[in-house]
Structures are given as C-alpha cells and as structure tokens.
1. Quick check on this structure: which one of ARG61, ARG49 is open to solvent by 30 Å² or more (accessible area, probe 1.4 Å) and modelled with pLDDT under 90?
2. In the stretch 105-130, what count of residues is obtained for those that are part of a strand (DSSP E or B) and over 11 Å from ARG58 (Cα atoms)?
3. Among the residues of the stretch 152-188, how many are open to solvent by less than 40 Å² (accessible area, probe 1.4 Å) and outside any loop (DSSP other than H, G, I, E, B)?
4. How many residues are touching a Leu at 6+ places or on another chain (Cβ under 8 Å) and open to solvent by less than 40 Å² (accessible area, probe 1.4 Å) if we restrict to the stretch 224-251?
5. From the list GLY207, GLY198, which residue is over 19 Å from LEU227 (Cβ atoms) and either open to solvent by 10 Å² or more (accessible area, probe 1.4 Å) or in contact (Cβ under 8 Å) with a residue 40 or more places away in the chain (or both)?
6. Does the stretch 210-251 hold any residues that are of a type in the set (Val, Ile, Thr) and in a loop (DSSP other than H, G, I, E, B), and which are they?
Amino acid sequence: MNNEDFYIGYLPKMPSRQARFVKVFVIATLGVAVILIGIFWIGQKRFARSVFEFGNVREFRGTIRSGAVPFLIFEKDTQTPGLPEFERIPLVAEGKHGADVEAFDAKRVSLRGTLIFREEMKMIEIAAGSVSILDVESAKPLESGQLLGGFTLRGEIVDSKCYLGVMNPGRSKPHRDCAVACIRGGVPPLFLVTDSSGKVSELWLVGESGHPIGRDLLDFIAEPVELAGQVERRGDQLFFWINPANIKRLP
C-alpha cells in the first residue's frame, strides 16, 4: 500500500506531488490575478483633472452678473487687436447652495473665495460675507452674447459645483443624490454632451426667458435625456435655453 500522498497538516513537510500541485496552482492564480488587474487598469476610465482648492481662499475682483447662472466677469491681461477680452467665472455659495448676488448685479466688487476647476473651466465658491462693492472703479462693460441657433442635444444633467471639481467624477448615477441636493439648493445645472470622438461640451441650462430652472430638472438628473432649445455663446461659455416641460428621457 502506497501512503506517499497521505498528508496530515501538522507534519513538517508536504508530500512532493502535493507540494508541486500547490506551487503550480498558486503561481497560476497569481498570474491570472496580475492579468486581470492589467485588463481592469487599462479599461478603467481615468478621472478628469479637477481640483477643489479647499482651504486656499483667494481674493478676486470683477463685475458681478446675477441671473440663472451668476458670474464674476473680469478683463483678461491679454487683448485681441486692442479690444479687451473678458473671462467669466460662475459663482456658488458654500455648501450645497447657489450664490445670492442679485444685490451686486452689474457692480464692480471684491470678494474672497475658493477656486474650483475642471480642465480649463473654473468656478468660485464665495466665502460668506466677503463680497464688497468697489467704488474706486466703474464697472467694466459686459460682453454681449452670440446666438448660435436651435439644437436638439442628448446628454446628462449634472450639478456644476461637484462636476467642476468638488467631487470626482461628480456625475452619473452614483452621484445622483448629491447632485439633486446641490441643484435643489441653487447650484446651477450643467448639461454634458459627448460627441462621436468622445469630446465633452458643457452647457449652462437656463429657462427660455433666462430664469433658473434647477428645481424643474430634479427628476432627470444623472439620466440620459434629450433637450431642445437655443444655444448662446458668451465669451467661452455656452448657454442652453430650454423648456423643462419638453425634456425627453432616453432608454
């Protein structure tokens, strides 16, 4: 009777045939694990370059433009053939709240805030009570918009504050509850449209008369939807003027 392969766990040495089997099994398992990790790593979608400079409060100066999407507008250092160029940065309040700056509309102000940015798109979270009117300079002229025409677009509605850098990725269904809370609190909604090459365009969503419509969008956030309306360009920002009653949910 051959007892060579009989093994009791407390014995100091495993039989050679069992030892070879265990060694081959462990090496093969590790190899498969490494291959799977590589596949998942290659297939994983990379996070966007987005940053929330939490704790780094800066001072900003410019002209406030309130409305459905409040902005701070200031003149860039660079100019085009003698003409000024403007940069507009959207404003939000601390927490899950929109910025209430209607009292400062079209006024030149100084404010303190924290910068949020995703790639080249920026946002400022205003420090509470930091906005003050500057009476030493008159407000800079505001650039006019350019109507691009009517469009029907498909994409996803997100809250701009988290998407631009406070959360990452800040979009899709895992982020839905947070996005709903932010937009309900007044954070301006963005509409993300992806073209055939994978490039994403961000459009600010406003009502057909320019009024805020965030609360009308809550049932459609983080879902594939189709919107129709007019697109306007102001500086480097795109605005989508829509009627929320005409939103179509896509399968």
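The values are calculated or read from the model by the stated rules, or taken from the named source; none is laboratory data. Remember, it's a predicted structure, so these values are computed and weren't measured experimentally. Every residue, glycine as well, gets a Cβ built from its backbone with ideal geometry; the counts of neighbours run over all protein chains shown. The protein model used for the area step is the full one, side chains on, heavy atoms only, and it has no ligands, DNA or RNA in it. Shrake-Rupley method; radii C 1.70, N 1.55, O 1.52, S 1.80 Å.
1. Numbers: ARG61 fails: modelled with pLDDT under 90.
Going through ARG61, ARG49 in turn, the sole match is ARG49.
2. Of the residues in the stretch 105-130, 8 are part of a strand (DSSP E or B) and over 11 Å from ARG58 (Cα atoms).
3. 19
4. Number satisfying all stated conditions: 11.
5. Values: GLY207 fails: over 19 Å from LEU227 (Cβ atoms).
Result: GLY198 is the single residue among GLY207, GLY198 that is over 19 Å from LEU227 (Cβ atoms) and either open to solvent by 10 Å² or more (accessible area, probe 1.4 Å) or in contact (Cβ under 8 Å) with a residue 40 or more places away in the chain (or both).
6. ILE213, ILE221, ILE247
For (1) at pLDDT below 80; (2) surrounded by 10 or more Cβ atoms within 10 Å (Cβ to Cβ); (3) touching an Asp or Glu at 6+ places or on another chain (Cβ under 8 Å), each residue gets a yes or a no:
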residue	(1), (2), (3)
ASN2	yes, no, no
PHE6	yes, yes, no
LYS23	no, yes, no
VAL26	no, yes, no
ILE35	no, yes, no
PHE40	yes, no, no
GLU53	no, yes, no
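So that you can scan it fast, the table gives a plain yes or no per residue for (1) at pLDDT 95 or above; (2) within 17 Å of PHE71 (Cα to Cα); (3) small (Gly, Ala, Ser):
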site: THR152; (1), (2), (3): yes, no, no
site: ILE157; (1), (2), (3): yes, no, no
site: ARG171; (1), (2), (3): no, no, no
site: ASP177; (1), (2), (3): no, no, no
site: PHE191; (1), (2), (3): yes, no, no
site: LYS199; (1), (2), (3): no, no, no
site: LEU203; (1), (2), (3): yes, yes, no
site: GLY210; (1), (2), (3): no, yes, yes
